[in-house]
1. Can you tell me the orientation of helix 11-24 relative to the chain, as the angle in degrees between its alpha-carbon axis and the longest Cα principal axis, to the nearest 10?
2. Say we join alpha carbon atoms closer than 10 Å with springs in a Gaussian network model of the chain; which of 37, 12, 50 then has the biggest fluctuation?
3. With the chain treated as a Gaussian network of Cα nodes joined by springs under 10 Å, which of 23, 11, 65 yields the largest mean-square fluctuation?
4. Could you work out the percent of alpha carbon pairs in the chain separated by over 17 Å, rounded to a whole number?
């Protein structure tokens, strides 16, 4: 599905967009889409890293001072 959006650019920005599109051999729409997707990917990576930092170390201390190997060795299996 595609959605039509209208944007208003300063003359200079519009000229830059046209030049970028021509240089890349793509439509202005494709250039804008690529820029948005790259920016969004950067934001998504940052959010995932922030979430990872929040949970990093949250499992430490669950087994006290024992390692997994020590717990397995002490199991009655």
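None of the figures in this text is laboratory data; all of them are computed from the coordinates on show. Owing to the predicted nature of the structure, the values given are computational and were not obtained by experimental measurement.
1. 70
2. Most flexible of the set in this elastic network: 12.
3. Judging by the Gaussian network model, the answer is 65.
4. 69
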